[in-house]
Amino acid sequence: MNPGSAWRDLTDPRSARPGNDPEAGLKEPLFENLEIPERLGPVTVRVDDHKIKRFAFTQDDHHPWHLESSPFEGRRVGHAALLGNDLVQLFTTVYAASRVVGLHTEEQLWFDSPAYLDEDVTLEGTYTEAYERRGQGYVVMEATATGQDGRSVLRHRGVEILRTRPGDVAGRGSSAPGAGPRRVTGEVPAGAAPFDPDAPRPGQVLAPLAKSLTTEQAAVFSRVGEYVRNIHNDLDLAREAGLRVPIVQGQQQFGVLAELLTRAVGAPLLTGGWMRVKFLNTVDVHEPFEAAGVVTAVDHDRTDFEIWVRRADGKLSAAGWASAPHQTSTR
C-alpha cells in the first residue's frame, strides 16, 4: 500500500473480488516486526455526513452540534473523538488489520479545534517506542490530525499490546490507574454537588452517562464495513482470543467519556481540552456501563477532572484524567 494514499475503500466491491487481497503486502502485526521509529500514514479522511452519522450510531450520541448546527459559526462539527479511532488505526497502513489480536491499554488526546463537516483531515503518526513488560510487547504511537487549512485538530498518544490473547491479560492490572495526577478510584462523596460549568468547584460531579453498546454498534465502530475481522466484530475471533463474546473497543469507551465531557463543559473541550484514559477491564457487547467524573481542581482558566467508566458489576473498565478551559459560551 502506498502510505501517502487515502484509506482504500474496502466497501468497494472491486476490493473484494477474488485475487484482490486488500491486505497484500502489509506486515504481520508481531512485536518483532516493529521498526522504531516507524512512520504510519499519512492518509486523508473526509469528515462527511456519513462519517458523522455512523459515529453517532456507534456511540448512540446524537448531539445537535454534529447533526444540525454548533456554536462554531453554526457549522456542523464532528464529535470530539470522531477521528480518534482513525488515528489508532493508522498502523493498518503498514500492518495487516485482520491479523491483529491486541489490546489498547492507554489513550491520550489533545483537542485543538473541531473538525468541520465536509473537511478533509490529514492523519499521520509514528511508532516512537517499543518495550516489553510482564511478557507482553507494547508499542507507543504519536499521531496528529491536521485540518485542510493547516490547523491542528487533534494530537494523539496511544499505547497498545501489539499481539496477545486478550482473554488471558484483560483486567490483569490494578483496579484503578495510579500513574497520573492522582489515583482514580471512581468514588464520589455522598451529597456531592452537581457540576456547574459557570462556577466549577472541586468535588462537583458530572451527570453520569449510561450506555450499553450493542453487537452492531461495536462491529461498525471496529470496521466491519471495511471487511476487517477482529475481536470486536467477530464472534469466532473473540472466542479464539479467550473471550465469551466480542468486546467493546477501548477507543469506543473513550468516545463515551468524550461525550460525557462535551455535554458537561461544552465547546471549550473541542478547543483546548485534554483526556488521558487507561483501559483496565473489558466490556462485553450489550453489557451496561456508566461514564462519570468529578472535578479535582480549578485554576484561573482551566478545570481538571477525574473520569471513569464503571461496569454493572462495579469494576472500573476505564479511568483517567481530563481538563478543559473554563466555560465562557453556549454549551
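The values are calculated or read from the model by the stated rules, or taken from the named source; none is laboratory data. The model shown is predicted, which means the values in this text are computed figures rather than measured ones. FYI the Cβ positions are ideal-geometry reconstructions off the backbone, even for glycines, and counts take in every protein chain you see. We work out accessible area using only protein heavy atoms, side chains counted, and drop any ligands, DNA or RNA first. Shrake-Rupley method; radii C 1.70, N 1.55, O 1.52, S 1.80 Å.
Given a 1.4 Å probe, how much area per residue of the range 183-244 is accessible, in Å²?
Here the per-residue accessible area is 53 Å².
Could you work out how much longer the chain between Ala210 and Asp301 gets when fully extended? Use 0.36 nm per residue separation minus the Cα distance between them, nm to one decimal.
Extending this stretch completely gives an extra 29.8 nm.
Using protein chains only and a probe of 1.4 angstrom, how many square angstrom of Lys51 are accessible, to the nearest 10?
Spelled out: Lys51, probe radius 1.4 Å, area about 20 Å².
With Cβ to Cβ distances under 13 Å as the rule, what net charge do the other residues near Leu316 carry (K, R +1; D, E -1)?
Its environment carries a net charge of +1.
Would you tell me the accessible area of Ser212, worked out with a 1.4 angstrom probe on the heavy atoms of the protein chains, in Å² to the nearest 10?
The accessible area of Ser212 comes to roughly 50 Å².
Skip the ligands, DNA and RNA, and give the accessible area per residue of the range 286-331 with a 1.4 Å probe, whole Å².
Ligands and nucleic acids excluded, the result is 41 Å² per residue.
For the range 193-235, taking Cα atoms only, what is the radius of gyration to one decimal and the Dmax to the nearest whole Å?
18.0, 48
Please give the charge dipole size of the range 186-260, origin at the Cα centre, charges +1 on K and R Cβ atoms and -1 on D and E Cβ atoms. Round to the nearest 20 debye.
On the way: 6 positive and 9 negative charges, 30 e Å.
For the range 186-260, the charge dipole is close to 140 debye.
Determine the share of the range 48-165's accessible area contributed by carbon and sulfur atoms, expressed in whole percent, with a 1.4 angstrom probe. Don't jump to the answer; show the numbers that get you there.
Values: 1940 of 4490 Å².
The computed percentage sits at 43.
Please report the spacing between the Cα centers of the range 199-228 and the range 53-123 in Å, no decimals.
The range 199-228 and the range 53-123 have Cα centres separated by 12 Å.
In what sequence, largest accessible area first, do Tyr227, Tyr95 appear using a 1.4 Å probe?
Result, largest first: Tyr227, Tyr95.
Between Arg75 and residues 5 or more places away or on another chain, which pairs have amide H atoms under 5 Å apart, with H built 1.01 Å from N, and which residues are they?
The list, which skips near neighbours in sequence, is Ser70.
Over the heavy atoms of His104, what accessible area does a 1.4 Å probe trace out, to the nearest 10 Å²?
So the heavy atoms of His104 present about 30 Å² to solvent.
For the range 279-331, with all protein chains present and a 1.4 Å probe, just round the carbon and sulfur fraction of the accessible area to a whole percent.
About 47 percent, which is the carbon plus sulfur part of the accessible surface.
What list of ³J(HN,Hα) couplings, whole Hz, do you get for the range 184-201 from phi and the Karplus terms 6.51, -1.76, 1.60, once you set θ to phi - 60° and write x for glycine and proline?
With coefficients 6.51, -1.76 and 1.60, one gets 9, 10, x, 9, 10, x, 4, x, 4, 6, x, 5, 10, x, 8, 8, x, 9 Hz.
Report the net charge of residues surrounding Gly158, where surrounding means a beta-carbon distance below 13 angstrom and charges are Lys +1, Arg +1, Asp -1, Glu -1. Mind dumping the intermediate values first?
Numbers: positive: Arg155, Arg157, Arg276, Lys278; negative: Asp86, Glu106, Glu107, Glu129, Glu142, Glu160.
Residues near Gly158 contribute -2 overall.
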